[in-house]
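Notes for the one structure printed next.
The values are calculated or read from the model by the stated rules, or taken from the named source; none is laboratory data. For clarity, every value in this text was computed on a predicted model and none was experimentally measured. Using ideal geometry, Cβ is built from the backbone for each residue, glycine included, and neighbour counts are taken over all protein chains shown.
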Amino acid sequence: MPTTVADVAAAVERLWPSAGAESWDAVGLISGERDAGVDSILLAVDAVLDTADEAVDSGVDMLLVHHPLLLRGVTSVSTDRYKGATLSRLIRANCALLAAHTNADVVETGTSAVFAARLGLLDVRPIIVGTNPARGIGRVGVLAHPITLGTLARALGDILPATASGIRVAGEFDRLITTVALCGGAGDAYLSDPAVTSADVYITSDLRHHPASEAKENARAGGGPALIDVSHWASEWLWLENAATELRRELPGVTITVSELRTDPWDFAIVQ
């Protein structure tokens, strides 16, 4: 029997159960007919005009993204706004749209877990543990051998796809790092978590001025982690190939590819 949109949604539910999503999240099927056939799927972090065009131009039957397109309420899907234009392009091409977001963050092979594995962390555990102790938000682990903060930052430059925003670091270049806490995507909500404050460094994205400054000054006054701020898109893009591998096992008759498009919003930076 041919694979349908409903079959893909069921596979996604097995891999990344919606029960694991945060209460504010909006995961699952966004658009598409459940009984429509699916021979090919494109994976991307974001549903934006470029990834919609890529999906349509390559003729795939579904665009599966990490970030939900309709996470925040909209009152119009007019095509003069990007959300409406994106949905319109996909619907007209009979390309379904599905999102796996925080439900894909918390699992054992989710976004932060993949990030931790790429760094070679050992004894990995979640920062915020769910009902299943192996699942939760973020990850904490130890490096096989201590390295300097500067060396770690440079290693991240090799692991992550390049972006205009680059990698920003708060802390002494020669500080020795053994314990690493990280959270793929925006993670400043966990800056005061004991698992983070007891680590040597915290790697995350979208660190704003005041939370980062406060964390840095608290570390100077009473101890705490160095900070590394990386691209939100880049930190979660790492997960896509792992997700594709898992989906291929669940859906052996479906062609699954990963978008190479950079959907980080920044185009260039001026170094002063």
Which of (1) in contact (Cβ under 8 Å) with a residue 60 or more places away in the chain; (2) out of contact with any helix residue (DSSP H, G or I) (no Cβ under 9 Å at 6 or more places or on another chain); (3) not acidic (Asp, Glu) is the odd one out, the single condition GLY185 does not satisfy?
-> (2)
Sort out which residues of region 242-272 are of a type in the set (Asp, Glu) and either loosely packed, with under 12 Cβ neighbours inside 10 Å or assigned to a loop (DSSP other than H, G, I, E, B) (or both), and write them in order of number.
-> GLU260, ASP264, ASP267
Residue by residue through region 1-16, note down the ones that are assigned to a loop (DSSP other than H, G, I, E, B) and surrounded by fewer than 17 Cβ atoms within 10 Å (Cβ to Cβ).
-> MET1, PRO2
Here the residues within region 217-246 that are polar (S, T, N, Q), more than 14 Å from the chain's Cα centre (by Cα) and farther than 15 Å from ALA117 by Cβ are ASN218
Among (1) at pLDDT below 95; (2) crowded, with 19+ Cβ neighbours inside 10 Å - the single one ALA55 does not satisfy | (1)
Selection from region 234-258 of residues that are closer than 19 Å to SER40 by Cα, in contact with a Phe, Trp or Tyr (Cβ under 9 Å, 6 or more places away or on another chain) and either small (Gly, Ala, Ser) or at pLDDT below 95 (or both) = ALA243
Which condition number does ASP123 fail, the rest of (1) on the phi < 0 side of the Ramachandran plot; (2) in the same structural domain as VAL196 (by TED's automatic domain parsing) being met?
-> (1)
The condition of being surrounded by 14 or more Cβ atoms within 10 Å (Cβ to Cβ) and farther than 30 Å from VAL271 by Cα holds, among ALA104, ALA181, only for ALA104
In region 250-272, which residue that is free of Cβ contacts under 8 Å to residues at least 60 places away in the same chain and of a type outside the set (D, E, K, R) is nearest to SER231 (Cα to Cα)?
-> PRO265
Need at least 3 residues that are closer than 30 Å to SER259 by Cα per element, so show me which strands (runs of 3 or more DSSP E) inside region 135-241 make the cut, counting only ones lying wholly within it.
-> 139-148, 176-186, 201-205, 226-230
Scan region 196-223 residue by residue and report those that are within 17 Å of VAL124 (Cβ to Cβ) and buried (at least 19 other Cβ atoms within 10 Å of the Cβ).
-> VAL196, ALA199, ASP200, VAL201, TYR202, ILE203, THR204
Take region 115-134 and flag every residue that is surrounded by fewer than 20 Cβ atoms within 10 Å (Cβ to Cβ) and not in a loop (DSSP other than H, G, I, E, B).
-> ALA117, ARG118, LEU122, ASP123, VAL124, ARG125, ILE128, VAL129
